[in-house]
Structure formats: C-alpha cells, structure tokens
Amino acid sequence: MGRSRRRKLPQDPVVTGIDALSHDGRGVAHIDGKAVFIHGALPGETVSFRYTRVQKKFDEGEALEILSASPDRVVPQCPHFAVCGGCSLQHQSPSAQIQAKQTALMDAFQRIGKVEPARLLAPLVGSDAFGYRRKARLGVKYVAKKGKVLVGFRERGSPYVADLSECHILHPRVGRLLTPLSELIGSLSIKERVPQIEVAMGDTRCVLVFRILEPLSAADEQALLAFGREREIDVYTQTGGPDTVAPLSGEPADLQYALPDYGLHIHFLPNDFTQVNSDLNRLMIGHALELLAVAPEDRVLDLFCGLGNFTLPIARGVAEVVGVEGDAGLVARARDNARRNGIENSRYYTADLYDSLQKEPWLRERFDKVLLDPPRSGAAEVLEHLPRLGVKRVVYVSCYPGTLARDAGELVNRHGYRLVAAGVMDMFPHTAHVESIALFEKS
C-alpha cells in the first residue's frame, strides 16, 4: 500500500468570519462547508489567517490580522501568549471566557446527555485571574543552539519547550523564577538530563521537584540547595517513579493549605493531587456543601475523596461521612488529616471505583447524600449503586463537561434523578478547561 500524501497547504492568506469558539479556545470558521479552527480568533470577528494544517474533516490555521475585532478582545498580559501553550484565552475578556465555558457546558448536556438543568448556577469566579496556579509540570530542555536551558510550558501545538522569561498564570513565587531556574540548571553537570520540574505549593511552602535522569554531583547538590535557601524554595529530586520523590536536604516540607471556614488544615505530599487554584478551591467547597444541603443527621458518601478536600469540611456538619478513593496513599493522608484536625465522624476506604464493587462493605450501608469528584474519565461505573444506597441528593464536581454530561444522562434517564442545577467554576482562568458542578435530586 502506498504512503498517504501530505495535503498541500494553501499559501495565500484567507479572510473569513469567525462563527464560534472551540472547546480548546480557537475560533471556528466554516469555509466551503468545512470547519477551520483558527488560533487567536474570537467569535464575531473577521480575520485574515494562514492555514497551518489541512485534513480530511477539518483544517487548522493561525490568525495573521484582526480586521474586525470582537468587543470581548483584550490585550494579553503575558508577552509569551502567542507562543506558549500554557493558556489559550488571554486575548478574551474574563467575563466572555466564563460565558464561553457556560455555553460549552450547556451544549454538552444537550448534545451528549440529552438533558438540561432546571436552573443555571451563577459562575464561581476567584479573586484573581492571574498568578493562581500552585500545581504544574514544567518542561525543561537544554538547547545547544540557544546556548541555554529552557524552562516552562510547551509551545502551542508543539512538543518543544517554549522560550519563556516569566509566566503570569503561575503563582509569582514560581512564575518569576523561570530565568533563574534556567540559569541554575544550565550550571549543573547534568543540565541535559533534567527533563521536568514539578511545582507543588501550599499556603506558605513551595516545593520544586527536579526530575533527574543521572546522579547529581556534589557541586550540583550544593547549587540546588543554595538556590532553595536564597529563594525560600524546598528542593526535591525524583530519580525514578513517584516513590523516589524526596527532599534533597533530607528534611521534608510540611505542605498544607487552610480551609478557614471549617477550621481545617489539609496536609499533603508534593506529588499528591490537589487543586491548582487554592482561592477557587475554598469557594468551590462552600458552593458544593451549600448545594449538598448538609444537615446534622445526614450520612454522606464522598466518592473519589482524595486527601479529604470535601470529606473533612462535610464532616463538620453531618452525623457521619465515608470517603472512598482508589489511591491508598491518598486514603492514608485523608485519615491522617482527619486525625490532625480532630475529626472522629469520618471513615475511609481504598477501592478502585472503576472496578466491581460488590464486596465493598460501604455498599451495604445507607446514605442520604453523595458527593462525586471524579477525574476526567467521569463516574459512570458507580452511578448504578446510588439508588440502591438510598441516595436522594447528589452533587457532582467535574473537570470535563463531556463525561459530566454523559453521566448526567445516565442519572436522569436511567436512574430517575432530576438535574436540578448546574454551572461552571473558573478553576483555570485564561484556559479552555471547564470545571463545573451539578446538583441532582431523586424524589
């Protein structure tokens, strides 16, 4: 069989109108009946663009000139916006970003789940759309032609690390360190063997985990430790899998974040899952508990409970809460967080929520309410158990509208729940990522 030929790109700029915004933040045009996804374009605009990719079902392009601008267009704050793939919507006003995310969520409900919420919740928005990101994975690459190490996110649509001097969505303690980090790694004997840095921040401590593919020299270790002392950063290294993450100094950092409304401090390890936006996380917890309508007599089940981000606040207002999570390490930390915070009315189980659960002891109990906070793949496998558990109220926190919509269709059309309300939460400003929340009730 012969090789398929690469489709030839049109060379001349093309002028077109933009009809919509795609799920990844690109403008959508339609030319000769074919969709074209155009980076840098917004709905309602007329743009001149060049083709960057031609495919059978759709094409891609990049805006060259905005001939008629949307009223929602703003000047990006970051000088690297045109190149970096860390965010995609800095050229759109925050209010328009929120509206686009609400539209994407409602479209997913109608198109995928064949359902519609009875009420649209007001969007949940944090206090600052910049400097919010406290968890991240940064790429690292020594580029001989540039004579330096690049540290940052990948280039837009490319596997290459972008050449960045700063980042405006990272917390300033890290966002302002990209150039110093470049210089630090460039001074190491293994500068070509450091592929990434993991960022993990609590309320006060900041950990940077350097992934290293060869052992550090004594001079390398001293350079890293000196950098940490000077910048008030806890330096960790990772030589293999997650279990090799360790503090270079031998003294672990006490990473924690506070939930003041509940008198809680949540402790975590650098490679544990935590929400990237601590301000929005606090708002989200209050929002979820208000929708859950917790009462002193309630027994609540928290599925995909992680460290206890929702479980522990729920425990403050109910008779008992049971948390279930697939990661045994997170379950151990959830139990420890309950102990540290003096909470005695919570229990925890380790269980793969995507596998058969028939032998799980908590499935033989009764619960009034359930909170679901699954990963991107959703919670389809656990939905059939909810009616059997006696659950009348479900709050579903989602990081992907597609699976929330799919699961909403199951809850409503198969299990007899009603989709009472839903809305978006702006966990990732300036990106096309849609975090959302939905309330279901069963009469």
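Brief remarks on what is shown
- Cβ-Cβ contacts under 8 Å between residues 6 or more apart (or on different chains), taken from a first residue in segment 255-281 that is closer than 18 Å to Met427 by Cβ and of a type in the set (Phe, Trp, Tyr) to a second residue that is open to solvent by less than 10 Å² (accessible area, probe 1.4 Å) and in a helix (DSSP H, G or I), are listed as Tyr257/Asn281.
Residue-by-condition table, conditions (1) open to solvent by 60 Å² or more (accessible area, probe 1.4 Å); (2) more than 23 Å from Glu381 (Cβ to Cβ); (3) at pLDDT 95 or above:
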| residue | (1), (2), (3) |
| --- | --- |
| Tyr262 | no, yes, yes |
| Leu269 | yes, yes, yes |
| Met284 | no, yes, yes |
| Glu297 | yes, yes, yes |
| Val300 | no, no, yes |
| Ala351 | no, no, yes |
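- Enumeration of residues in segment 342-360 that are closer than 21 Å to Tyr257 by Cα and touching a helix residue (DSSP H, G or I) at 6+ places or on another chain (Cβ under 6 Å): Ile343, Ser346, Tyr348
- Of all residue pairs spaced 6 or more apart or on separate chains, those with beta-carbon atoms under 8 Å, a first member in segment 93-105 that is of a type in the set (D, E, K, R) and a second member that is at pLDDT 95 or above and open to solvent by 10 Å² or more (accessible area, probe 1.4 Å) are Lys101/Pro123; Lys101/Asp426; Lys101/Val434.
- Lone unmet requirement of (1) in a helix (DSSP H, G or I); (2) under 27 Å from Asp279 (Cα atoms) for Ile266: (1)
- Entry remark, segment 20-34: residues being part of a loop (DSSP other than H, G, I, E, B) and farther than 15 Å from Gln55 by Cα number 5 in total.
- Residue check, Arg119 farther than 30 Å from Ala380 by Cα and more than 17 Å from the chain's Cα centre (by Cα): no
- Qualifying residues in segment 234-260 (those that are in a helix (DSSP H, G or I) and within 13 Å of Val209 (Cβ to Cβ)) - the one most open to solvent (accessible area, probe 1.4 Å): Asp243
- Residue that is surrounded by the most Cβ atoms within 10 Å (Cβ to Cβ), among those in segment 383-421 that are assigned to a helix (DSSP H, G or I) and of a type in the set (Lys, Arg): Arg406
- Taking every residue in segment 343-358 that is in contact (Cβ under 8 Å) with a residue 12 or more places away in the chain and pairing it with any residue that is of a type in the set (Asp, Glu) and part of a strand (DSSP E or B), at least 6 positions away or on another chain, the pairs with Cβ-Cβ distances below 6 Å are Asn345/Glu320.
- Residue that is most open to solvent (accessible area, probe 1.4 Å), among those in segment 34-43 that are farther than 16 Å from Gln90 by Cα and in contact with a Gly (Cβ under 8 Å, 6 or more places away or on another chain): Phe37
- Among the residues of segment 14-25, those identified as at pLDDT 95 or above, of a type outside the set (Gly, Ala, Ser) and either open to solvent by less than 50 Å² (accessible area, probe 1.4 Å) or within 31 Å of the chain's Cα centre (by Cα) (or both) are Val14, Thr16, Ile18, Asp19.
- Here Gly2 does not fit the description of being in a loop (DSSP other than H, G, I, E, B), at pLDDT below 95 and surrounded by 20 or more Cβ atoms within 10 Å (Cβ to Cβ).
- Here Ile437 fulfils each of the conditions (1) open to solvent by 40 Å² or more (accessible area, probe 1.4 Å); (2) within 29 Å of Lys135 (Cβ to Cβ); (3) touching a helix residue (DSSP H, G or I) at 6+ places or on another chain (Cβ under 7 Å) apart from (1).
- Residues (free of Cβ contacts under 8 Å to residues at least 60 places away in the same chain, on the phi < 0 side of the Ramachandran plot and either in a loop (DSSP other than H, G, I, E, B) or touching a His at 6+ places or on another chain (Cβ under 8 Å) (or both)) located in segment 359-382: Lys359, Glu360, Leu363, Arg376, Ser377
- Every listed requirement among (1) basic (Lys, Arg); (2) out of contact with any Leu (no Cβ under 9 Å at 6 or more places or on another chain); (3) in contact (Cβ under 8 Å) with a residue 60 or more places away in the chain is met by Arg134 save one, (2).
- Residue within segment 178-186 that is of a type in the set (D, E, K, R), open to solvent by 80 Å² or more (accessible area, probe 1.4 Å) and either over 28 Å from Met427 (Cβ atoms) or assigned to a loop (DSSP other than H, G, I, E, B) (or both) present: yes
- Segment 234-275: number of residues that are out of contact with any Ser or Thr (no Cβ under 8 Å at 6 or more places or on another chain) and among the aromatic types (Phe, Trp, Tyr): 3
- Unmet requirement for Glu325, which otherwise passes all of (1) open to solvent by 20 Å² or more (accessible area, probe 1.4 Å); (2) over 21 Å from Glu441 (Cα atoms); (3) touching a residue at least 40 places away in the same chain (Cβ under 8 Å): (3)
The values are calculated or read from the model by the stated rules, or taken from the named source; none is laboratory data. Since this is a predicted model, take the numbers as computed values, not measurements. Cβ: placed from backbone, ideal geometry, glycine included. Neighbour counts: every protein chain shown. With ligands, DNA and RNA removed, areas are computed over all heavy atoms of the protein, side chains included. Shrake-Rupley method; radii C 1.70, N 1.55, O 1.52, S 1.80 Å.
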